[in-house]
Amino acid sequence: MSLVAIVGRPNVGKSTLFNRLVGMRQAIVDDTAGVTRDRHYGRCEWCGREFSVVDTGGYTTNSDDVFESAIRSQVQIAIDEADLVLFLVEAATGITDYDAEIADILRRTRKPVVLCVNKVDTGEKMFDAYQFYSLGLGELYSISAANGSGTGDLLDAVVAALPEEEEQEDPHAGLPRITIVGKPNVGKSSLTNALLGQERNIVTPVAGTTRDAIETYYNKFGHEFMLVDTAGIRRKTKVHEDLEFYSVMRSIRAIEHADICILMIDATTGMEAQDMNIFNLIIKNRKGCVVVVNKWDLFIKDSNTMRDYTESLRARLAPFDDVPVIFTSVLKMQRIQDVLDAATQVYANYSQKIPTARLNEALLPVIEETPPPAWKGKYVKVKYITQLPTAFPAFAFFCNLPQYIKDPYKRFLENQLRKHFSLTGCPVQIYCRQK
């Protein structure tokens, strides 16, 4: 599939145009310059032609932004990856030094470039657009990304300039989605980069560097899945900017769309209240979970430290304490492969379908030996068990009086399921139904 990269200086409306092209509010948009930092991918379809779009951070030099050089390298990578570059400028401000610098880079690339003048909301602003012909990039297209005017002609030009390609299905459809979540600054982007073996996402010591949920295809060491890096999730009381509010919302949405969540915590601070909130969010959405304790190299250890730490962690996670716990140091590349292996195993558990015959063979003798407590002189008889066709492990227990099976006995049934079948890392839902 062809790839179109949207580039330009900060605050010209790249993310607004990106959202317009992909047809949803996928990238965060704010009046603050420099909101987008990492490359952000989406898909656009126009006149029967489908192509990928990548949103990039604003290209700057000599600014006071600590992310400047990292964003510049991300923009350069996007240009190198793309089949076509969509260069976005702003009508009202005219040609700035940054615009001229980017135009100079684009003239030297061998990629087709489409020049697009944004924020042309009125007929008067149309005249301001003509000055951009002096950049020497050929035909220009005047649009307003905010209200969509002119985007049809722009897309016609983009589709015409894209190289021809053969029809093919999305190769990533149906792949497991593994999402890395946690509080700010626990090492989520560092883990993503370590797994991918490249600087995919920007990493700095500043909490809140990642703002969007960034999706990447992973295919190494026999593992194949979509890896999603998210913004750190803080407590509501600590979120003061609209920008961070949207980042947190994107992260919560990423959890909702995930199959498996890798919850990263900081070894030096342990499992804090906000980590528990994120864990509860994962369980509430019925997602598989792996807990990764990062920065383990900074923790003072003795011979039993890891065992004791795991026990105290599982006590915090109770009653759902059947989750893999991996101790890592991402900076020192310690036990990175273990995280992948654990996530892959949890996905296998999460997506397995247990035959009804096996379920009944394993659990009915146990239920007969330890039946549900009688309620008001009435005895509950479980007839048979089957797995429901849901995305997560859910089981229906058919019985004569389902209303009399209470939560403690449901927990007993869940423990028996975990004992007889491999369900590590997976939340289990039990339904009692009338036979």
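Bear in mind these aren't lab numbers, they're just calculated from the coordinates by the rules spelled out. Predicted, not measured: the structure shown is a model, and the values here were computed from it. Here the Cβ positions follow ideal geometry from the backbone for every residue, glycine too, while neighbour counts run over all protein chains shown.
For the reader, a short list of remarks on this structure follows.
- For the stretch 133-144, backbone phi angles converted through the Karplus equation (6.51, -1.76, 1.60; θ = phi - 60°) give residue-by-residue couplings of 4, 5, 6, x, 10, x, 4, 10, 10, 8, 9, 10 Hz, Gly and Pro being listed as x.
- For peptides 276-282, 14-20, 360-366, sequence by mean Cβ density within 10 Å, most packed first: 14-20, 276-282, 360-366
- Dipole orientation for the stretch 337-421: of the candidates A348, F395, A374, A374 has the Cα lying most toward the positive pole (charges on Cβ; Lys, Arg +1; Asp, Glu -1).
- Additional length obtainable on full extension of the chain from A146 to E311, 0.36 nm per residue less Cα span: 54.1 nm
- Computed from label points 7 Å out along Cα-Cβ, the spacing between A394 and S303 is 4.9 nm.
- A100 paired with Y384, simple spin-label distance in nm, labels 7 Å along Cα-to-beta-carbon: 8.0
- Checked against a 25 Å cut-off, the cross-linked pairs K383/K410; K188/K419; K220/K419; K383/K406; K410/K435 give Cα-Cα distances beyond that limit for K188/K419; K220/K419.
- Averaged over residues, the count of other Cβ atoms within 10 Å places the peptides 344-355, 299-310 in the sequence 344-355, 299-310, highest first.
- Convex hull of the stretch 245-361 built on C-alpha atoms - directionally averaged projected area, nm²: 9.3
- Reachable lysines, given that their alpha-carbon falls under 17 Å from the alpha-carbon of K119 and they are not under 8 places away in the same chain: K14
- Along the stretch 5-17 the Karplus relation, 6.51 cos²θ - 1.76 cosθ + 1.60 evaluated at θ = phi - 60°, assigns HN-Hα couplings of 9, 9, 10, x, 6, x, 6, 9, x, 5, 5, 5, 5 Hz to successive residues, with x for each Gly and Pro.
- Applying the Karplus relation 6.51 cos²θ - 1.76 cosθ + 1.60 with θ = phi - 60° to the stretch 329-346 yields 3J(HN,Hα) values of 10, 5, 5, 9, 6, 8, 6, 5, 5, 4, 4, 4, 4, 5, 5, 5, 5, 5 Hz, where x marks Gly and Pro.
- Additional length obtainable on full extension of the chain from K419 to Y217, 0.36 nm per residue less Cα span: 69.3 nm
- C-alpha center-to-center spacing [the stretch 97-124, the stretch 265-335] in angstrom: 47
- Rounded to the nearest 20 debye, the dipole size of the stretch 284-435 about its Cα centre is 680 debye, using +1 on the Cβ of Lys and Arg and -1 on the Cβ of Asp and Glu.
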